[in-house]
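Please treat every number below as a calculation from the coordinates, not as lab data. Owing to the predicted nature of the structure, the values given are computational and were not obtained by experimental measurement. So basically every Cβ, Gly included, is an ideal-geometry build from the backbone, and we count neighbours across all protein chains shown.
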Amino acid sequence: MTQRISMAEMYDIAAAFITDKDTKVQVLADQDRIEYTFTKHKLADYPYCLVISIERGAPQKCRPYLSKRDDGNYDVVTRDNKPGHVYLKRGTGATGYAGNRVLVTAQTRKNVGRAFDKTQRDIVKAFTRFCSPSFFNVHDLASKRASGQLATKDNDRLLFSVIYRLKEKIR
């Protein structure tokens, strides 16, 4: 069962993964999306992956609708919204941000794809970044790590503690 948490809570988990010296970084960037994957081995019998995913572009205008969540509340959903996703999963298989191997997931409420769309004006890009500051902090940290501009350290104890607490919450 996947647990949804806020982007601010996910920032602490992501920062620990991103700044760990033994975490392997993989970047997938094409015209449609950007995806950072941080893989950490030696925490359990299988690796853990932190994935930061962004779909580029502005959403098309369409009518919003209500979607019922597991806890009984409703979310307003726009069909073509392009939120940013950050999730932590067990293993390296491709499951997406929803699946039985995903421990926690966080998603922006607003579209973040506009900030990476070359056709958007600078003011739109800046406003998009302003609307989801925690997500863009995670993205900027991941970008610095991928380009080798970020100092790393040994976060093994912190990561083990984080994963242990997450497993306990899920049970």
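The table below lists the values:
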| quantity | calculated |
| --- | --- |
| FRET efficiency, 1/(1 + (r/R0)^6) with R0 22 Å, evaluated for Ser6 and Asp71 via beta carbons | 0.95 |
| Difference of contour (0.36 nm per residue) and Cα-Cα distance, Phe130 to Ala151 | 5.0 nm |
| Phi to ³J(HN,Hα) by Karplus 6.51 cos²θ - 1.76 cosθ + 1.60 over segment 34-40, Hz, x for Gly, Pro | 10, 9, 9, 10, 10, 10, 10 |
| Amide N of segment 129-150 lying under 17 Å from the label point, which is placed 7 angstrom from the Cα of Leu166 along Cα→Cβ | 135, 138-139, 142 |
| Members of Lys89/Lys110; Lys40/Lys110; Lys24/Lys118; Lys21/Lys144; Lys118/Lys144; Lys24/Lys89 lying beyond 19 Å, as alpha-carbon distances in this model show | Lys89/Lys110; Lys40/Lys110; Lys24/Lys118; Lys118/Lys144 |
| Counted charge near Met7, where neighbours are those whose Cβ lies closer than 14 Å (Asp, Glu -1; Lys, Arg +1) | +1 |
